[in-house]
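Taking it in order: structure first as structure tokens, then the write-up.
The values are calculated or read from the model by the stated rules, or taken from the named source; none is laboratory data. All values reported here derive from a predicted model rather than from experimental measurement. Cβ placement follows ideal geometry from the backbone for every residue including glycine, while neighbour counts extend to all protein chains displayed.
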Amino acid sequence: MLNVTKGFLVEYGLSRPPLSLVFEFNPESITRNRTIRLQTGNAPGTQGGYDFNLPTDTPRVAQGVSVEPEQFSLDILLDATDRMDQGDLVATQYGIEPELDTLRSMVEPKTQGPDGVQLLASLGQGEPRAFQRSESASVLLLVWGSHILPVFLTSLRVEEKAHMPNLVPYRANANLSFQVIESNNPFYKLEKMRQVAGAARNLNLGMSVSVSASFGAPF
């Protein structure tokens, strides 16, 4: 049996209707990706980069390097079978359509409504093809395990696997792609603190292994 845990995707803001999704997924299906961009230009060096000899030269070497925001994707299964078997009225009538509608709403542009509440831009302006000046994307919090990451949902791909007789889906695989919002916000700061602490634990582990190996002790 797979080790399945719960994740949460919650819109951080005042929206109508409130957007949140609880889902189950296998943690092994998460793919995280971070890249750097090299812009060496006309810098001296045999490969278009900078020459260096000492550690003190590295700030100059890295002048043409920029770090791209972290991106990652995960696959989740949306399945209303158990709830349907238990007689859940919403699941019996609508299957997983409420969950799919929530995900679609998290991708669509929002516009400011009365009392600061955000509404789907398409409610009043048709179906826009691009974000207008008065519209904004949903800021989401992706929560799983010890992680709380502020993200944009950049891509949504849904494969409906099973339907009721009226073609309402009750089981689907969804692939979600995100970009982390790496800015001055409390959630990203907390994640960076957790990352630094994890790297420190790894450093301590490496030193312990090195000492144990030097003295021939088992580890």
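Cβ-Cβ distances below 6 Å connect the following pairs, each with a first residue in region 85-99 that is surrounded by 13 or more Cβ atoms within 10 Å (Cβ to Cβ), a second residue that is in a helix (DSSP H, G or I), and a separation of six or more residues or different chains: ALA91/ARG83; ALA91/MET84; THR92/MET84.
Of the residues making up region 140-157, none is surrounded by 13 or more Cβ atoms within 10 Å (Cβ to Cβ), more than 14 Å from the chain's Cα centre (by Cα) and not in a helix (DSSP H, G or I).
Scan region 66-104 for residues that are more than 24 Å from the chain's Cα centre (by Cα) and either closer than 23 Å to ILE181 by Cβ or of a type in the set (Gly, Ala, Ser) (or both) and the total you get is 3.
Exactly one residue out of LEU89, LEU153, LEU141 is farther than 16 Å from VAL22 by Cβ, out of contact with any Cys (no Cβ under 9 Å at 6 or more places or on another chain), among the aliphatic types (A, V, I, L, M) and at pLDDT 95 or above, and it is LEU89.
Close Cβ contacts (under 8 Å, 6 or more residues apart or on different chains) running from residues in region 109-137 that are of a type in the set (Phe, Trp, Tyr) to residues that are modelled with pLDDT of 70 or more comprise PHE131/PRO109; PHE131/ALA137. Restricting attention to region 116-138 and to residues that are exposed (fewer than 13 other Cβ atoms within 10 Å of the Cβ), touching a strand residue (DSSP E or B) at 6+ places or on another chain (Cβ under 9 Å) and of a type outside the set (A, V, I, L, M, F, W, C), the residue that is modelled with the lowest pLDDT turns out to be GLY124.
Consider only pairs whose beta carbons are under 9 Å apart and that are at least six residues apart or on different chains; among these, list those whose first residue lies in region 160-187 and is closer than 21 Å to ASN33 by Cβ and assigned by TED's automatic domain parsing to the domain that holds VAL139 and whose second residue is of a type in the set (Gly, Ala, Ser) and exposed (fewer than 15 other Cβ atoms within 10 Å of the Cβ). Going by the 9 Å Cβ cut-off, the qualifying pairs are ASN175/SER155; LEU176/SER155; SER177/SER155; PHE178/SER155. I'd like the full set of residues that are farther than 21 Å from PHE8 by Cα, part of a strand (DSSP E or B) and among the aliphatic types (A, V, I, L, M), limited to region 158-187. Once the filter is applied, which keeps residues that are farther than 21 Å from PHE8 by Cα, part of a strand (DSSP E or B) and among the aliphatic types (A, V, I, L, M), region 158-187 yields only ALA162.
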